[in-house]
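Have a look at the structure below before the remarks.
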């Protein structure tokens, strides 16, 4: 089946269960199945309060010695399993096997509902939840459900307010290790995720994914009320609020409501006066990361927003939108006295004053 070689016939029998998906050892409490009795026994310890095996480095406890051994590799950095292709080292053989699939591009796990392929069985299982909409991991505090356990862990920190990952450069606290890694790139200006189509670079993988959709021009998330299409599901959700006029995010100080959580965060800074995002060139403090990004363009003279019609470039997206309206509403504002046309309403107002002045002088 896979040409893997084993030292004994018994080990071969155990391995064959993986191919036939035979999990004869089933947990009586949660119904989870295992190929080996020893794995079932270890799993059963998760249902018991006692976790007798403690880590001497971080005081974390585990139900079985095998779990502790795996955990200890994180501290001692024993990475003896090395990839022969790129030289990357791993602490466990399973991690190396998963990594090898990135070189072979092998995706042997196929979704029976949409035919999407995955290199790992765990990725396929997570993908199935997108079809069933099942959210098995529920927060005990607010009952919000999540598809992944790691997402629930990240969410729980929003209740405790804990930010255990501290940036050594600026002292800022972050809720997750990944958030810290992304934050550090703001100091180094590193942008490792590059678009193959246009060369634009990003410091987060998710930002690159969002950008890639703009090349396909695929707006698969469509509003059922007005038919407007969006690249992202979250953007569609925010758009629905424009129909319902709902403002679920309310300021605790002045009771002002906002449609987006990010807008509430920016607004809250108006009460505290806090400007945590500091420009490293001139020392100016900005209230948001987006404001800092826009401000930096005044130093670099970068103008990424270009008009497709005339080539005019701008450093703010809103400036481009204002400019585009001039093309759209070209000569739309006409003087009722002399029929002269203007591109902008403020130009028309200025012009009208000339007629008013002429009339007063007569």
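The values are calculated or read from the model by the stated rules, or taken from the named source; none is laboratory data. Keep in mind that what you see is a predicted model, and the values were worked out from it rather than measured. Every residue, glycine among them, receives a Cβ derived from its backbone with ideal geometry; neighbour counts consider all protein chains shown.
Brief remarks on what is shown
- Those residues of segment 202-252 which are surrounded by fewer than 14 Cβ atoms within 10 Å (Cβ to Cβ), under 30 Å from residue 269 (Cα atoms), touching a strand residue (DSSP E or B) at 6+ places or on another chain (Cβ under 8 Å) and free of Cβ contacts under 8 Å to residues at least 12 places away in the same chain, in sequence order: 248
- Of all residues in segment 1-36 being over 36 Å from the mean Cα position of the chain (by Cα), part of a helix (DSSP H, G or I) and surrounded by 10 or more Cβ atoms within 10 Å (Cβ to Cβ), the one that is modelled with the lowest pLDDT: 17
- For residue 177, the stated conditions do not hold, so it cannot be described as closer than 28 Å to residue 122 by Cα, under 20 Å from the mean Cα position of the chain (by Cα), loosely packed, with under 12 Cβ neighbours inside 10 Å and modelled with pLDDT of 80 or more.
- Residues being more than 22 Å from residue 90 (Cα to Cα), crowded, with 16+ Cβ neighbours inside 10 Å and either touching a strand residue (DSSP E or B) at 6+ places or on another chain (Cβ under 8 Å) or at pLDDT below 65 (or both) - total across segment 42-63: 3
- Residues of segment 99-118 satisfying the condition of being surrounded by 11 or more Cβ atoms within 10 Å (Cβ to Cβ) and out of contact with any helix residue (DSSP H, G or I) (no Cβ under 9 Å at 6 or more places or on another chain): 99, 100, 101, 102, 103
- Subset of segment 145-169 [in a loop (DSSP other than H, G, I, E, B) and exposed (fewer than 13 other Cβ atoms within 10 Å of the Cβ)]: 161, 162, 164, 168, 169
- Candidate set from segment 126-141 (those that are touching a residue at least 12 places away in the same chain (Cβ under 8 Å) and part of a loop (DSSP other than H, G, I, E, B)); member that is farthest from residue 153 (Cα to Cα): 134
- Consider segment 294-303 and keep the residues that are in a helix (DSSP H, G or I) and surrounded by 13 or more Cβ atoms within 10 Å (Cβ to Cβ). The one that is nearest to the chain's Cα centre (by Cα) is 294.
- Only one of 187, 183 that is out of contact with any helix residue (DSSP H, G or I) (no Cβ under 7 Å at 6 or more places or on another chain), over 29 Å from residue 95 (Cα atoms) and in a helix (DSSP H, G or I): 187
- Test: residue 326 is part of a helix (DSSP H, G or I), at pLDDT below 80 and surrounded by 13 or more Cβ atoms within 10 Å (Cβ to Cβ): yes
- Residue check, residue 97 under 20 Å from the mean Cα position of the chain (by Cα), under 23 Å from residue 70 (Cβ atoms) and not in a loop (DSSP other than H, G, I, E, B): no
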